[in-house]
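The values are calculated or read from the model by the stated rules, or taken from the named source; none is laboratory data. Since this is a predicted model, take the numbers as computed values, not measurements. Note: ideal-geometry Cβ built from the backbone for every residue, glycine included; neighbour counts use all protein chains shown.
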Amino acid sequence: MAPPLPVIFQLMIVGAFGTEWSVKYNQQEICALKGSTVFMNGTFTHPENLTGITTFWMINPAHEVEPTDMSEDPDFSGRVEFFTDEQKHFSLKLSDVMKKDEHQFCFRIRSSVEEQKWLGKPGIELGVTELYVEAPEEVTEGQTADLTCKTTCSLTDPKFIWYKNGHPLTTKTIKNNQLHLQTVSSEDAGSYSCAVGGSQHLHSTAHSLRVRYPPKSVSVSISPSGEIVEGSSVTLTCSSDGNPPVKNYTWFKEGETSPVGSGHSHSPLQSGSYYCEAQNEHGSLRSAPVPVVLSGYSTILYVAVGVGLCGITAFLAVVSWRSRKKRQDGNTDEDLYVNLDPRSHPPDDDASSDHDYENTAHKPCGQV
């Protein structure tokens, strides 16, 4: 069986020029993150005494199709750079890697003699991946949870970094590409993403982790606050934190075993201390008792009547005191005049006295 044509051609070149054609890549497969910068490296040789040696890169070589320089391809414009040195090392730098860059990249050597050229085939297979988090959507408090940072191809020696709500995690157990949450609590709920060292700006899509837990922080508020008149409206409201949200609220009066109400709010009709119990499918929790003071109408009425009577009594006492004071402070000129004026004295009840008075008043002086 005859050897393949490329080998025959290679042997002919070696025999003629003393050095063989060769292209050796450092890696045959490369996995790169979308948006990152990737390097493809290797070494090459060619027969001695050739002139006009040029090198370039191409993608997806096809049989009997003349390779073209990929730097002339509009899809790679401004994103590729080629490097070679005197030791015949070569390198391709590809920036802002895209999913459509998944091709086979080959290094091409060409001389001024049409027949003297070489294509390093097979080339480097480039795979492009994005990071994504594989994890449960929900987990119950007290259980364990594993979050895995995954790719569609194998990155080279990646160092995985985990983030919660955009902040790096340093206190959690990280092994390879996995984040282990031991004894999950409600505080572990949040948005998780991952990245790899050197490309921290290329986070995965965030994954939201929900944690189911029993009611927490159960409390009761009262409206209005302070002393409340019996028969008026007073409302107790129960609030809590739980996942799933609490829907069952039960009200109790301290000192009694039977419930006195249910629902998010309760309106008590008696004084006492009340508390609520919040419950979901994972457990229940009671609030601290809240005192409620209801004052009766009769108490307030008695207070109002008492205040009124006291006011009236005080007013009469002042009037009486002023009257007595006026009588005690007599002997004024006006009072003296009234005492000396016979007309100021009231008439006697006896009719004859009136008559004698009248006759005496009309007699001349000296007459009796």
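Quick check on the stretch 226-239. Is at least one of its residues within 20 Å of the chain's Cα centre (by Cα) and not in a loop (DSSP other than H, G, I, E, B)? Walk me through it before giving the result.
In the first step, residues of the stretch 226-239 are kept if they are within 20 Å of the chain's Cα centre (by Cα); the result is 239.
In the following step, the residues that additionally are not in a loop (DSSP other than H, G, I, E, B) were identified as 239.
Checked against the condition, which is being within 20 Å of the chain's Cα centre (by Cα) and not in a loop (DSSP other than H, G, I, E, B), the stretch 226-239 yields at least one hit.
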query: If Asn165 satisfies every condition in (1) surrounded by 13 or more Cβ atoms within 10 Å (Cβ to Cβ); (2) farther than 20 Å from Phe39 by Cβ but one, which is the exception?
result: (1)
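Return yes when Val218 is under 24 Å from Glu138 (Cβ atoms), touching a residue at least 60 places away in the same chain (Cβ under 8 Å) and surrounded by 19 or more Cβ atoms within 10 Å (Cβ to Cβ) and no when it is not.
Working: under 24 Å from Glu138 (Cβ atoms): yes; touching a residue at least 60 places away in the same chain (Cβ under 8 Å): yes; surrounded by 19 or more Cβ atoms within 10 Å (Cβ to Cβ): yes.
So Val218 fits the description; yes.
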query: Taking interchain pairs and intrachain pairs at least six residues apart, which have beta carbon atoms under 6 angstrom, with the first residue in the stretch 98-116 and within 19 Å of Phe44 (Cα to Cα) and the second among the hydroxyl-bearing types (Ser, Thr, Tyr) and crowded, with 16+ Cβ neighbours inside 10 Å?
result: Ile109/Thr55
- request: Starting from the stretch 64-89, keep only residues that are in contact (Cβ under 8 Å) with a residue 40 or more places away in the chain, then list their pairs with residues that are part of a loop (DSSP other than H, G, I, E, B) and surrounded by 10 or more Cβ atoms within 10 Å (Cβ to Cβ) whose Cβ atoms are within a distance under 9 Å, requiring at least 6 positions of separation or different chains.
  value: Pro67/Pro61; Lys88/His46
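Could you check the stretch 271-322 for strands (runs of 3 or more DSSP E) lying wholly inside it with 2 or more residues that are among the polar types (S, T, N, Q) and modelled with pLDDT of 60 or more? Break it down into steps so the answer makes sense when it comes.
On the way: elements: 272-280, 283-286, 290-292.
Result: 272-280.
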- line: Output for Cβ contacts, cut-off 6 Å, separation at least six or different chains, first residue farther than 9 Å from Thr129 by Cα in the stretch 146-160, second hydroxyl-bearing (Ser, Thr, Tyr) and in a strand (DSSP E or B), reads Leu147/Tyr192; Lys150/Tyr132
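Restricting attention to the stretch 239-257, does a residue exist that is more than 19 Å from Leu285 (Cα to Cα), acidic (Asp, Glu) and either outside the structural domain of Ala145 (by TED's automatic domain parsing) or out of contact with any Gly (no Cβ under 8 Å at 6 or more places or on another chain) (or both)? Lay out the reasoning, then the answer.
So the first thing to find is which residues in the stretch 239-257 are more than 19 Å from Leu285 (Cα to Cα), and the list is none.
No, the stretch 239-257 contains no residue that is more than 19 Å from Leu285 (Cα to Cα), acidic (Asp, Glu) and either outside the structural domain of Ala145 (by TED's automatic domain parsing) or out of contact with any Gly (no Cβ under 8 Å at 6 or more places or on another chain) (or both).
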- request: Only residues that are small (Gly, Ala, Ser) and either touching a His at 6+ places or on another chain (Cβ under 7 Å) or part of a loop (DSSP other than H, G, I, E, B) (or both): list them for the stretch 134-178, please.
  value: Ala135, Gly142, Ser154, Gly166
- prompt: Looking at (1) touching a residue at least 60 places away in the same chain (Cβ under 8 Å); (2) surrounded by fewer than 16 Cβ atoms within 10 Å (Cβ to Cβ); (3) not in a strand (DSSP E or B); (4) not acidic (Asp, Glu), which is the only condition Ser199 fails?
  reply: (2)
